[in-house]
1. Can you pull out every residue in the stretch 84-120 that is under 30 Å from Leu24 (Cα atoms), touching a helix residue (DSSP H, G or I) at 6+ places or on another chain (Cβ under 7 Å) and part of a strand (DSSP E or B)?
2. Enumerate the pairs (first residue in the stretch 86-103 and free of Cβ contacts under 8 Å to residues at least 60 places away in the same chain; second residue anywhere and among the acidic types (Asp, Glu)) with beta-carbon separation below 6 Å, excluding pairs fewer than 6 apart on the same chain, so at least 6 apart or on different chains.
3. Give the number of residues within the stretch 93-127 that are under 10 Å from Ala49 (Cβ atoms) and hydrophobic (A, V, I, L, M, F, W, C).
4. Pick from the stretch 133-177 the residues that are of a type in the set (Val, Ile, Thr) and exposed (fewer than 14 other Cβ atoms within 10 Å of the Cβ): which of them is farthest from Tyr98 (Cα to Cα)?
Amino acid sequence: MKRPKSFSEETLLNGFLTIKKEHLQFPNGYEHDHFTMSLPTPTSVSVIAQDESSLFIINQEYRHAAGKVVLSLPGGFLSEGEDPILGGKRELLEETGYHSDDIQVIGSSFPMPGICDQKVMYIFAKGCRKIAEPDLEGSEMIHTVLMSDDDIRTKVASGDPVDGILLAGFWFFSEAR
């Protein structure tokens, strides 16, 4: 597939994230300004975790952009070159206090490819045990809960706020079984 040509590029913001504006011309001649967001470490990890009773370890997390507490998966950015399984174990422990030795990669996706370079690696951890209290960053407002599959489906179906990455994670989980 032919790609658009970029005629100019301008960095509008260069901080935690970078926002760029490019003037593009598409193969059909159409031109427009396209905005993209790049993250300092574009790969992140999200953990679909079950405890020893097969309940899911879910975060209720305040997300300021949405102005809501949403159901989400434990996770975060990977360091450059960090193994996704090790990063998943780290994030699971930091955000929830749970640990698993039975953990595997089950998929990946680009949640916002129209505007962002972020890639999410989905990790499944089973037989998780609580071994510590969460060690949250100052900007994280997270309450961890245990939920059954039916509880999660009911919350999603009733319109409760939910992170789209959680939905994609559960799709990969259902395909991995």
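Just so it is clear, none of the values below were taken in a lab; they were calculated from the coordinates. Since this is a predicted model, take the numbers as computed values, not measurements. Cβ atoms come from the backbone with ideal geometry, glycine included; neighbour counts cover every protein chain shown.
1. Within the stretch 84-120, Ser109, Val120 meet the criteria.
2. So the pair list comes out as Glu94/Asp135; Gly97/Glu133.
3. The total comes to 4.
4. Restricting to residues being of a type in the set (Val, Ile, Thr) and exposed (fewer than 14 other Cβ atoms within 10 Å of the Cβ), the top hit is Thr154.
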